[in-house]
Amino acid sequence: MSDPILFYSTRGEWGRFSNFAATPFTLDGKRWRTSEHCFQAAKFPGHPQADAIHAANSPAIAARLGRSRKAPLRPDWESVKEDVMRRALAAKFAAHGELRELLLSTGDAELIEHTRRDAYWGDGGDGHGRNRLGHLLMELRERLRAEGSSADGGDA
């Protein structure tokens, strides 16, 4: 197996895997600046807070607004948040062929969002975290690989 690929910052070879990377896409009829904007807005469907997040000038502002509890968090958030992220990632990578190719180029390497700031989506900085973003990216990579094999007439 290949060495793990660590990412977090939007800079560097793997920076576009970050949810803060400027990779616009359309999902459910809305144009999103970043997957962070899309993910954070999904916490507040139908609420003005979602519109404020959508309009945020940066992913950092979108994240701050999404973490605020001044607006009511959707009651099913914990049970849907991974599917929300999965859909946002799928749309992001579908919109950018070169990004899709970058993801596929990682082969069988483990993808790790390496940060002390997050032990759910990231690795917690020391590997104790769940690295759910990395796992969802690896899941997407496998799906893209299977779709590519099917499209090429190969075995999926």
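The values are calculated or read from the model by the stated rules, or taken from the named source; none is laboratory data. What you see is a predicted model; the values in this text were computed from it and never measured. Cβ atoms come from the backbone with ideal geometry, glycine included; neighbour counts cover every protein chain shown. All accessible areas refer to the heavy atoms of the entire protein, side chains included, with ligands and DNA or RNA removed. Shrake-Rupley method; radii C 1.70, N 1.55, O 1.52, S 1.80 Å.
Here K70 is the anchor, and the lysines within straight C-alpha reach of less than 28 Å, apart from those fewer than 8 places off in the same chain, are K30, K43, K81. The magnitude of the dipole of the chain, with charges of +1 and -1 set on the Cβ of Lys/Arg and Asp/Glu and taken from the Cα centre, is near 960 debye. Neighbours of R116 by Cβ distance under 12 Å: Lys/Arg scored +1, Asp/Glu scored -1, total -3. The residues D83, D3, sorted by heavy-atom accessible surface at 1.4 Å with ligands and nucleic acids left out, run D3, D83 from largest to smallest.
Accessible surface for L104 stands near 50 Å², nearest 10, in the context of the full protein assembly shown (1.4 Å probe). Distance between the 7 Å Cα→Cβ label points at R11 and H128: 2.9 nm.
Computed across the range 53-131, the Kirkwood hydrodynamic radius from all distinct Cα-Cα pairs reaches 14.9 Å.
If R0 is 25 Å, the Cβ-Cβ spacing of Y120 and R31 corresponds to a FRET efficiency of close to 0.35. The alpha carbon gyration tensor of the range 11-156 gives principal lengths a ≥ b ≥ c with a/c of 1.5 or higher and a/b greater than b/c, which makes the shape prolate.
Taking 0.36 nm per residue of separation and subtracting the Cα-Cα distance, full extension of the segment from E147 to S2 would add 50.0 nm.
Largest GNM mean-square fluctuation across W14, W77, W32, computed for the chain with C-alpha springs under 10 Å, falls on W77. The S79 and E101 beta-carbon pair, evaluated with R₀ = 30 Å, returns a calculated FRET efficiency of approximately 0.35. Distance between the pseudo-spin-label points of D51 and R69 (7 Å out from Cα toward the beta carbon): 2.6 nm.
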